Amino acid sequence: MQPGARIPDVTFRTRVRDESIEGPNPFRWEERDTASYFAGKRVVLFSLPGAFTPTCSTYQLPGFEKNVEAFRDHGIDAIYCMSVNDAFVMNQWARAQNLENVEVIPDGSGEFTRRAGMLVRKDNLGFGLRSWRYAAVINDGRVEAWFEEPGLCDNHPEDPYGVSSPENVLAWLEEASREQAA
């Protein structure tokens, strides 16, 4: 995806807490489209190969979570973490990570990821189809900045991480703020 491009329009199948449902699993299905996440907002979206994986759980997701105020200071309304995982997995990962600021988006079928050109095979790791690691600043459904890890390909022998890090995205936002002020 390039700056100025419109992000894919898809519908995500999510699970949301519903207190009217009794029992140990008070959740219901809710469909949310791209516009419900992105329309009228300036957001950071980052996508990664899988929930509960080492780099994603140790560095990338916690880095965005702990820096939410710095992102807000640069005009970011929301931070979203997307993965080609189902809603059950994404919700449990959010719970395990004690997320309060980053919202997870389950791209269970990989449709958004495929349309964004980021769906890759990770059969070499036993994952199947997953997202290549990237981040983006998205303003009202259009890409403002794109941060893609190098080497996009199927069955990459490594999991590059750095370009899409919260620190790198935040540095870009700081520089963009300085340029606007000048």
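Checking every residue in segment 167-179 against the condition of being of a type in the set (S, T, N, Q) and at pLDDT 95 or above gives at least one match. Within segment 23-36, residues that are farther than 14 Å from Pro106 by Cβ have Cβ atoms under 8 Å from residues that are aliphatic (A, V, I, L, M) and surrounded by 12 or more Cβ atoms within 10 Å (Cβ to Cβ) in these pairs: Arg28/Val16, counting only partners at least 6 apart in sequence or on another chain. For segment 1-39, filtering for residues that are in contact with an Asp or Glu (Cβ under 6 Å, 6 or more places away or on another chain), hydrophobic (A, V, I, L, M, F, W, C) and within 29 Å of Trp146 (Cβ to Cβ) leaves 1. Checking segment 49-56 against the condition returns a match, with at least one residue being modelled with pLDDT under 95, open to solvent by 40 Å² or more (accessible area, probe 1.4 Å) and not in a strand (DSSP E or B). Taking the residues in segment 117-157 that are basic (Lys, Arg) and within 24 Å of Ala171 (Cβ to Cβ) as candidates, determine which candidate is surrounded by the most Cβ atoms within 10 Å (Cβ to Cβ). The extreme case among them is Arg133.
The values are calculated or read from the model by the stated rules, or taken from the named source; none is laboratory data. The structure presented is a predicted model; accordingly, all values stated were derived computationally and were not measured. Note that each Cβ is placed from the backbone with ideal geometry, even for glycine, and that neighbours are counted across all protein chains shown. Accessible surface is based on the protein model in full, side chains and every heavy atom, while ligands, DNA and RNA are left aside. Shrake-Rupley method; radii C 1.70, N 1.55, O 1.52, S 1.80 Å.
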